[in-house]
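The structure appears below as structure tokens.
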Amino acid sequence: MSRELFNCPECGSTKSSESALVETEFSESDIWSGVLQRHRCAKCGLVIPAHLAELWDGMSPQEAVEEWHNLYRATAPKDVAD
């Protein structure tokens with residue numbers, strides 16, 4: 001991973017095993033279509049949006065956990081490039 005900061009909102013791990021930049025066609029019905037940077041957690045194996053794992057724009061770890069559980073977790077892709 002290129003950045004030093006990684007915090008999995010699922011298990012709390014600080015290590016990612018892979019990262020990807022993806023291209024998607026935006027769809028309002030698919031929240032993941034707007035997530036262009038993704039990481040896979042080295043511990044739990046889930047694909048995590050970079051803005052949550054890297055706590056972009058001053059996001060707190062608790063805010064990332066809440067957004068993860070409320071918006072992304074149930075529909076997480078199996079592959080970082082999906």
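Points to keep in mind about this one:
- When the criteria are applied in full, GLU10 meets the requirement of being of a type in the set (Asp, Glu), touching a Phe, Trp or Tyr at 6+ places or on another chain (Cβ under 8 Å) and not in a helix (DSSP H, G or I).
- Within segment 13-49, the set of residues being under 20 Å from SER60 (Cβ atoms) and in a helix (DSSP H, G or I) is empty.
- Applying the set (1) charged (D, E, K, R); (2) within 12 Å of the chain's Cα centre (by Cα); (3) at pLDDT 95 or above to ASP57 leaves exactly one unmet item: (2).
- The sole residue among CYS44, CYS11 that is at pLDDT 95 or above and touching a Leu at 6+ places or on another chain (Cβ under 9 Å) is CYS11.
- Summed over segment 1-58, residues that are exposed (fewer than 13 other Cβ atoms within 10 Å of the Cβ), free of Cβ contacts under 8 Å to residues at least 24 places away in the same chain, hydrophobic (A, V, I, L, M, F, W, C) and over 15 Å from PRO77 (Cα atoms) total 1.
The values are calculated or read from the model by the stated rules, or taken from the named source; none is laboratory data. From a predicted model like this one, the values you see are computed outputs, not experimental measurements. Heads up, the Cβs are rebuilt from the backbone with ideal geometry, glycines too, and the neighbour counts pull from every protein chain shown.
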